[in-house]
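A.B. asks: Below are the structure tokens for one structure; questions will follow.
Nothing in this text is a laboratory measurement; each read-out follows from the coordinates by a stated rule. Just so we're clear, the structure is a prediction, and the values are computed from it rather than from any experiment. Ideal geometry is used to build each Cβ from the backbone, glycine not excepted, and the neighbour counts take in all protein chains shown.
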Amino acid sequence: DTGVSQDPRHKITKRGQNVTFRCDPISEHNRLYWYRQTLGQGPEFLTYFQNEAQLEKSRLLSDRFSAERPKGSFSTLEIQRTEQGDSAMYLCVVPQFTTNVLTFGAGSRLTVL
Amino acid sequence: SQQGEEDPQALSIQEGENATMNCSYKTSINNLQWYRQNSGRGLVHLILIRSNEREKHSGRLRVTLDTSKKSSSLLITASRAADTASYFCAADNTDKLIFGTGTRLQVFP
């Protein structure tokens, strides 16, 4: 149990299709982060929320990507018109309250054919 | 890229030997963290060192931090086969963590 539930765990899609990932933290967290990790690389920051407000977006997050956290609890990450370069593990992450030590979800692996 | 760099990219040692990994980062930091990732698994937090600390120990782990050089090192003493994993440093600039590219450690029994 990582404290963060992500769904789906694995998504295989054809290029050009849209995909949506959902993240559900088990407990309340003011902040929620999305990272992306490709094979052999460290996690790359995508975006983060303070409650329902999206405070920062990485340059990696093109206009095909959109993230929401409508009630300040769960979050969704949508990728429109997927490209093969979008293939990666998408990680939802929440910090501990008093430090920025991160708890990672198991991730949602995207494979774009 | 904002990502930090780690050195070496890969490290192979025998059980019982020490393993040292180095990390350089680019931002000013609140703290520097190290994470471990077993193959096919999620990242797990190992140790955190604050920007006003120079050295920290936790079990067989020893972390150093040099903020003037924007660098950190992780030493694993008396390594075990179970230490085989990828290790990532992460610079915390208060808003977010910026991860390094990682060191893949292989410990042979």
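A.B. asks: Provide, for q = 0.14, 0.19, 0.21, 0.24 Å⁻¹, the log10 of I(q)/I(0) from a solvent-free Debye sum over equal Cα point scatterers in chain B.
C.D. replies: The calculated log intensity ratios at q = 0.14, 0.19, 0.21, 0.24 Å⁻¹ are -0.49, -0.90, -1.09, -1.38.
A.B. asks: I need the calculated FRET efficiency for the pair A:I12 and B:A10, taking r as the beta carbon distance and R₀ as 25 Å, to the nearest 0.05.
C.D. replies: The formula returns an efficiency of 0.25 here.
A.B. asks: Report, as an integer, the average count of C-beta atoms from other chains found within 10 Å of each Cβ along A:94-106.
C.D. replies: Numbers: counts 0, 3, 2, 0, 0, 7, 11, 10, 10, 4, 7, 1, 2.
Rounded to a whole number, the mean comes out at 4.
A.B. asks: Just need the relative contact order of chain A here, percent rounded to a whole number, with Cα pairs under 8 Å and 6+ apart. Mind dumping the intermediate values first?
C.D. replies: On the way: 277 pairs, mean separation 41.5, N = 113.
Relative contact order of chain A: 37 percent.
A.B. asks: Hey, what did the stretch A:35-83 get for relative contact order, percent, Cα under 8 Å, at least 6 apart?
C.D. replies: Relative contact order for the stretch A:35-83 comes out at 26 percent.
A.B. asks: Given a cut-off of under 8 Å on Cα pairs at least six residues apart, what relative contact order in percent is computed for the stretch B:1-105?
C.D. replies: Relative contact order for the stretch B:1-105 comes out at 39 percent.
A.B. asks: A further question on this structure: Determine ³J(HN,Hα), in whole Hz, for all residues of the stretch A:16-29 in sequence, where each value follows from phi through the Karplus function 6.51 cos²θ - 1.76 cosθ + 1.60 and θ = phi - 60°; x replaces Gly and Pro.
C.D. replies: For the stretch A:16-29, the Karplus-derived couplings read x, 7, 9, 9, 9, 10, 10, 10, 10, x, 5, 10, 6, 9 Hz, x marking Gly and Pro.
A.B. asks: Principal axis extents for the protein assembly as shown, Cα atoms only, whole Å, descending order, please.
C.D. replies: In descending order, the Cα extents are 49, 36, 32 Å.
A.B. asks: What does the convex hull of the Cα atoms of the stretch A:1-66 come to per residue, in Å³, rounded to a whole number?
C.D. replies: Taking only Cα atoms, the stretch A:1-66 has a hull volume of 121 Å³ per residue.
A.B. asks: Out of all DSSP beta bridges in the protein assembly as shown, what portion is antiparallel? Express it as a percent rounded to 5.
C.D. replies: 90 percent
A.B. asks: Now for a separate question. Based on Cβ point charges of +1 for Lys and Arg and -1 for Asp and Glu, what charge dipole magnitude is obtained for the stretch A:1-60 about its Cα centre, in debye rounded to the nearest 20? It would help to have the intermediate numbers written out before the result.
C.D. replies: Values: 9 positive and 7 negative charges, 98 e Å.
Roughly 460 debye for the stretch A:1-60.
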